[in-house]
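Each remark here refers to the structure printed beneath this line.
The values are calculated or read from the model by the stated rules, or taken from the named source; none is laboratory data. No experiment lies behind these values; they were computed from the predicted model shown. For neighbour counting, all protein chains shown are included, and Cβ atoms are generated from backbone atoms with ideal geometry for every residue, glycine included. Calculation scope for accessible area: heavy atoms of the full protein, side chains included, ligands and nucleic acids excluded. Shrake-Rupley method; radii C 1.70, N 1.55, O 1.52, S 1.80 Å.
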Amino acid sequence: MMQRSWFWDRLAKRYARMPIVDQASYETKLEKTRALLRPNSRMLEFGCGTGSTAIWLAPHVAHILAIDYSARMLDIAREKARAAGASNVSFAQGSLAELESPAGSWDVILAMNILHLLPDRAQTLTRVKELLKPGGLFISSTICIGDGSWQMRAVAPVFRALPLLPSVFSLTLSQLTEELEHAELEIEHCWSPGKNKAVFIVARKRVSQTSPLMLPRH
């Protein structure tokens, strides 16, 4: 945990002050996400950073649990939540794999700008499927560096070669789509504001034919 969080702990205060690079696209993604939520929704966000997204979405759900590697990021997130009066948001340090949560616990799982940093992405998506309720939503925004300009593609191996910096992987949209399908998460919406921009995806966990939701009514 310490090795993974070192970079983000050091960056936390500066990160909290940094303006969002593409505010219009971010707001569009927030609105698209909000439209899918219900007042009784239970949401899990992993890789929450300083909590801005979770806090903005809090009025539209019953509860949000937001997790991150970085203790300092979470300290800032808790301060922001208190200031905003977001009492239905809780924060915890850790990864999705480390989270102690029963299978089928969550209506919505959110991952904003985190999947391209994960070396165990396939396992993470399998864990997402396990934690979602049947028919639950996985909402993500991911930088598909492999589809970007050569300058973007050059960044990934540099980061992986340097110690203590987070790994960055040259993920393509095609690869991400295949991985979501393999995890039985069916894509319902895919949107990008343009080249070299993060791709916003809404995917739904398949409902098993044996699920009570699929039983015929008599």
Original post:
Which ones in segment 51-60 are of a type outside the set (Gly, Ala, Ser) and either modelled with pLDDT under 95 or open to solvent by less than 10 Å² (accessible area, probe 1.4 Å) (or both)?
Top reply: Leu57
Subject >> Residue match in segment 68-85 (condition: under 24 Å from Arg204 (Cβ atoms), hydroxyl-bearing (Ser, Thr, Tyr) and in contact with a strand residue (DSSP E or B) (Cβ under 9 Å, 6 or more places away or on another chain)) >> reply: no
**OP:** For segment 65-80, state whether one or more residues are aliphatic (A, V, I, L, M) and in a loop (DSSP other than H, G, I, E, B).
**Re:** no
Subject >> segment 74-106 - residue that is buried (at least 17 other Cβ atoms within 10 Å of the Cβ) and at pLDDT below 95 and, of those, farthest from Leu44 (Cα to Cα) >> reply: Ser95
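Residue by residue through segment 8-27, note down the ones that are of a type in the set (Ser, Thr, Tyr) and open to solvent by less than 50 Å² (accessible area, probe 1.4 Å).
Of everything in segment 8-27, those that are of a type in the set (Ser, Thr, Tyr) and open to solvent by less than 50 Å² (accessible area, probe 1.4 Å) turn out to be Ser25, Tyr26.
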Original post:
Restricting the search to segment 32-49, which residues are under 27 Å from Trp8 (Cα atoms) and open to solvent by 40 Å² or more (accessible area, probe 1.4 Å)?
Top reply: Arg42
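How many residues does segment 107-129 hold that are open to solvent by 10 Å² or more (accessible area, probe 1.4 Å) and either modelled with pLDDT of 95 or more or in a helix (DSSP H, G or I) (or both)?
Final tally of qualifying residues: 11.
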Subject >> Among (1) within 16 Å of Ile139 (Cα to Cα); (2) touching an Asp or Glu at 6+ places or on another chain (Cβ under 9 Å); (3) among the hydroxyl-bearing types (Ser, Thr, Tyr); (4) open to solvent by 30 Å² or more (accessible area, probe 1.4 Å) - the single one Tyr69 does not satisfy >> reply: (1)
Original post:
Are any of the residues in segment 187-194 out of contact with any helix residue (DSSP H, G or I) (no Cβ under 6 Å at 6 or more places or on another chain), under 18 Å from Gln123 (Cβ atoms) and at pLDDT 60 or above?
Top reply: no
